[in-house]
Amino acid sequence: MSGLKIDNIQKRFGDVHVLKGIDIEIDEGDFLILVGPSGCGKSTLLHMIAGLESVTSGTISIGQRDVTHLNPKDRDIAMVFQSYALYPNMTVRQNISFGLSIRKVPESEQEEIVQRVAEMLQIGPLLDRKPSQLSGGQRQRVAMGRALARKPSIFLFDEPLSNLDAKLRVEMRTEIKELHNRLGTTMVYVTHDQIEAMTLGQRIAIMKDGVIQQFGSPQEIYDEPVNQFVAGFIGSPSMNFIPCPVVKQDNQLSIELDNETGKFYLPIDGKNAELESWVGKTIILGLRPEKITHDIASHADNQGIHRANCRVGIVEPTGPDTLVFIELNNTKTVCRVDPSEAKNTGENIDLMFDLTKAVFFEPETGERVC
Amino acid sequence: MSTSTDKRNWGDLVQAMLPKIVVAPTFVATLIFIYGFILWNAYLSFTKSRLLPRYDWAGTQQYERLFANERWWVAAENLVIFGGLFIIFCLIIGIFLAILLDQRIRAEGALRTIYLYPMALSFIVTGTAWKWILNPGLGLERLMREWGFENFTFDWLVNSEMAIYTVVIAGVWQSSGFVMALFLAGLRGIDDSIIKAAQVDGASLPRIYRSIIIPSLRPVFFSAIIILSHIAIKSFDLVMALTGGGPGYASDLPATFMYSFAFTRGQLGIGAASAMMMLCAVAAIIVPYLYSELRSTRRG
Ligand SMILES: Nc1ncnc2c1ncn2[C@@H]1O[C@H](COP(=O)(O)OP(=O)(O)O)[C@@H](O)[C@H]1O
Ligand SMILES: [Mg+2]
């Protein structure tokens with residue numbers, strides 16, 4: 001049993017309240033992502049799990065064991081740091097075996113472990129080099145190797161990929177995921193990159209200002225964000241937030257949208273009960289870019305699909321899709337369109353709005369309405 | 001049109017030459033007063049010069065007289081004692097203070113200034129102050145006796161066996177703060193997360209310093225030892241102010257030996273020869289250092 005339970009953890013640095021009551025519970029073998037903008041307290045939380053930072057209040061348990069006040073070395077954890085934190089005076093081999101020799105693992109066994117780790121991460125040829133003679137990607141591997149040498153019950157990663165270039169980052173991301181599948185060890189992974197969070201995590205905790213905004217699976221968080229912050233943080237390009245008046249049109253609850261080509265109304269099906277009281281008021285419609293597409297004939301009869309003709313603003317080809325920017329209620333709105341269907345700036349395009357996954361937020365608080 | 005380009009050319013020329021023009025006087029001065037005089041001194045060491053320079057070649061006669069001189073060997077032995085202890089104690093105390101200050105204690109700025117302050121004094125002031133402190137009739141010994149420790153004796157300053165050690169004490173007092181500053185800068189340059197990684201690996205704080213931090217400060221050791229050893233070899237004013245080389249010539253160092261032979265005893269030739277020996281000692285330390293420095297900058 002080596003799940004992780006964080007119970008109402010608080011952290012203050014003097015007057016600064018950094019973590020304001022964090023609750024997280026994951027099972028053994030889970031891959032937990034802590035994601036949020038810089039300065040929201042992710043590293044602080046991770047360091048508290050590791051025992052490198054004291055706890056102001058609350059408890060941390062690993063498995064059944066309360067580790068809140070244990071030293072890092074007694075917590076059975078291994079950690080990979082953002083700056084890699086390799087020991088500059090030691091060779092790669094010594095870096096990997098340092099923790100083992102402190103734990104008095106016999107020399108022959110140490111060598112065996114170093115070989116196993118080196119093979120797993122393909123760093124065999126680097127074993128006798130010093131960290132200063134390695135590239136960024138190689139240092140990253142060595143840092144992982146050092147963590148892998150011991151078989152801890154939890155791996156902690158603090159933005160391990162953020163110093164790598166884009167291509168290497170994607171490769172290493174896949175490798176970390178494979179590693180997790182192979183080892184099945186519980187992992188806690190801190191990142192500020194929402195793509196990393198979505199691709200790696202089984203459980204994602206989205207943090208802002210020392211508070212967990214939402215804790216759930218990637219798909220849950222993507223489809224059912226609890227507030228505008230989460231909705232905007234996850235997904236790229238970001239979700240569109242369009243303020244729109246709610247009206248009764250032909251006895252059908254609708255939202256009013258205004259493009260340069262004229263006003264049009266999109267009926268809302270299925271959420272009438274919640275939105276009835278909003279008639280005559282303005283609500284924030286949250287609609288992901290891939291829910292506004294070119295006209296796909298085969299989808300036309302599906303429920304919740306509506307067509308509208310809009311003026312094209314800026315066009316950004318990305319390869320698989322072209323991002324078309326339109327103006328709705330004076331808000332810039334991104335649509336994901338097939339490249340062959342995209343129009344040029346200033347032309348009109350027939351777009352298809354899919355409101356089945358649309359979400360609505362309070363304009364003032366950003367809280368989810370429905 | 002052509003005049004304006006001429007003017008601009010002149011302006012450009014002056015601008016391009018300006019750094020060279022500014023540096024030229026000091027360059028010439030360095031050339032004459034340092035390297036020129038080194039060569040002159042080297043020549044004098046092979047002549048029969050006594051009170052005044054003479055230029056008749058005498059081969060290695062002055063060196064033979066130097067090596068036959070018992071006082072020279074006392075000075076050389078003193079240099080080994082002084083240099084060795086001075087460097088070792090400065091390093092130990094400097095590193096110790098740096099590690100303590102690195103624990104993010106309060107009032108660090110004030111403490112750092114206090115320890116660094118002796119460096120701002122000239123060796124003359126240090127020497128004089130310590131002469132008073134260590135003077136048996138005046139300083140520490142008298143103080144302790146007045147406090148009631150009647151048998152307390154601390155007479156190293158006037159003891160010819162121990163006088164050189166008082167020079168060590170004053171030198172260490174003056175320079176260990178500087179070593180501390182060097183090491184503190186080095187410690188501050190070490191990434192915090194390296195220490196955290198070692199903690200997660202299970203290492204205790206002393207072990208972290210012993211196995212990781214101090215070994216990775218090797219370049220700092222190197223600089224500190226180079227600087228300290230050249231201070232040690234050149235030491236002159238400290239000895240002059242503190243012991244004057246005495247009692248007798250018991251605390252002579254090569255620099256004070258050179259001064260007294262060349263300028264007070266009218267033995268310019270021997271003085272020049274001893275100066276050359278000091279130059280060789282400094283070169284033996286500095287040249288490998290410069291070599292490795294230049295090589296690494298060219299590489300890096
Ligand atoms: N030792 C410390 N003393 C005071 N404030 C700190 C300390 N460490 C972190 N903080 C503050 O805590 C907040 C969260 O920091 P951190 O956990 O590093 O953020 P993140 O990793 O999410 O970018 C920041 O505002 C930071 O300024
Ligand atoms: Mg961080």
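The values are calculated or read from the model by the stated rules, or taken from the named source; none is laboratory data. Just so we're clear, the structure is a prediction, and the values are computed from it rather than from any experiment. Here the Cβ is made from the backbone with ideal geometry for all residues, glycine too, and neighbour counts use every protein chain on show. For accessibility, only protein heavy atoms count, side chains too; no ligands or nucleic acids. Shrake-Rupley method; radii C 1.70, N 1.55, O 1.52, S 1.80 Å.
At a threshold of 8 angstrom on Cα-Cα distance, excluding pairs fewer than six apart, so keeping six or more, what relative contact order does chain B reach in percent? It would help to have the intermediate numbers written out before the result.
Working: 332 pairs, mean separation 84.3, N = 300.
Averaging sequence separation for qualifying contacts and normalising by length gives 28 percent for chain B.
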Under the span-like rule (Cα at least 30 Å along the axis, Kyte-Doolittle mean at least 0.5), DSSP H helices of chain B: B:70-101, B:163-188, B:268-299
Options A:A147, A:I349, A:L168, ranked by Cα towards positive dipole end of chain A, top entry (Cβ charges): A:A147
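Would you mind putting A:80-90, A:320-330 in packing order, based on average other-beta-carbon counts within 10 Å, highest first?
On the way: A:80-90: 21.3, A:320-330: 17.5.
Ranked from most to least packed, the peptides come out as A:80-90, A:320-330.
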Accessible surface of A:T365 - all protein chains present, 1.4 Å probe, nearest 10 Å²: 90 Å²
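In percent, what relative contact order does chain A have, based on Cα pairs under 8 Å that are 6 or more apart in sequence? List each step's numbers first, then the result.
Values: 761 pairs, mean separation 56.0, N = 370.
This gives 15 percent for chain A.
Within 10 Å, count the other beta carbons around each residue, average over each peptide in A:17-28, B:223-234, and list them highest first.
Working: A:17-28: 17.5, B:223-234: 19.2.
Averaged packing, sorted descending, gives the order B:223-234, A:17-28.
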Shape call, chain B: gyration tensor on alpha carbons, a/c limit 1.5: oblate
Within straight-line cross-link reach of A:K167, aspartates and glutamates at Cα separation under 18 Å, skipping those fewer than 8 residues along the same chain: A:E159, A:E175, A:E178, A:D193, A:E196
Of A:F31, A:F157, A:F98, the one that fluctuates the most in a GNM where chain A has Cα springs shorter than 10 Å: A:F98
Shielding by partners, peptide A:75-87 (average Cβ within 10 angstrom, other chains): 4
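When a/c is below 1.5 the answer is rounded, else prolate if a/b is larger than b/c, else oblate, so apply that to the protein assembly as shown with a ≥ b ≥ c taken from the square roots of the Cα gyration tensor eigenvalues.
Working: a/c = 3.05, a/b = 2.18, b/c = 1.40.
Since a/c reaches 1.5 and a/b is larger than b/c, the shape of the protein assembly as shown is classed as prolate.
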Gyration tensor verdict on the range B:1-113 (Cα atoms; rounded if a/c is under 1.5, prolate if a/b is larger than b/c, oblate otherwise): oblate
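Mind putting a number on the dipole of the range A:240-361 about its Cα centre? Charges go on the C-beta only, +1 for Lys and Arg and -1 for Asp and Glu, and I need it in Debye to the nearest 20. The partial results should precede the final answer.
Details: 12 positive and 18 negative charges, 67 e Å.
Charge dipole, the range A:240-361, about its Cα centre: 320 debye, nearest 20.
Semi-axes of the equivalent ellipsoid for chain A, please: Cα gyration tensor eigenvalues, times 5, square-rooted, ordered largest first, whole Å. Mind showing how you got there, number by number?
On the way: eigenvalues 453, 121, 49 Å².
They are 48, 25, 16 Å, listed largest first.
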Considering only the protein assembly as shown, percent of DSSP beta bridges that pair antiparallel, nearest 5: 75 percent
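How well do other chains shield peptide B:209-218, expressed as the mean number of their Cβ atoms within 10 Å of each residue Cβ?
Working: counts 0, 0, 7, 5, 3, 1, 4, 4, 2, 2.
Taking the mean over all residues of the peptide, I get 3.
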Reachable lysines from B:K131, criterion Cα separation under 25 angstrom, eight or more residues apart if same chain: B:K234
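Explain nothing, just the number: dipole magnitude of the protein assembly as shown about its Cα centre with +1 on each Lys and Arg Cβ and -1 on each Asp and Glu Cβ, in debye rounded to the nearest 20. It would help to have the intermediate numbers written out before the result.
Working: 63 positive and 69 negative charges, 641 e Å.
Dipole size: approximately 3080 debye.
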Unsatisfied cross-links (Cα-Cα over 23 Å) in the set A:K42/A:K73; A:K73/A:K151; A:K11/A:K208; A:K11/A:K104: A:K11/A:K104
Choice from B:L138, B:L97, B:L187 showing the highest fluctuation, given a GNM over chain B with Cα pairs closer than 10 Å: B:L138
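Excluding B:R50 itself, calculate the net charge of residues whose Cβ lies under 15 Å from the Cβ of B:R50, where each Lys or Arg counts +1 and each Asp or Glu counts -1.
+3
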The range B:125-236 - convex hull of the alpha-carbon atoms, volume per residue in Å³: 163 Å³
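Which net charge results when you count Lys and Arg as +1 and Asp and Glu as -1 among the other residues whose beta-carbon is under 11 Å from that of A:G216?
Working: positive: A:R203; negative: A:E220, A:D223, A:E224.
Neighbourhood net charge equals -2.
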Test item: Cα-centred dipole of the range A:2-233, Lys/Arg +1 and Asp/Glu -1 on Cβ, debye: 700 debye
Partner aspartates and glutamates for A:K343 [C-alpha distance under 18 Å; skip if fewer than 8 residues away on the same chain]: A:E260, A:E290, A:D295, A:E316, A:D321, A:E327
Charge dipole of the range B:69-299 about the Cα centre (unit charges at C-beta), most positive-ward option of B:V172, B:G266, B:Y291: B:Y291
Choice from B:M278, B:M144, B:M180 showing the highest fluctuation, given a GNM over chain B with Cα pairs closer than 10 Å: B:M144
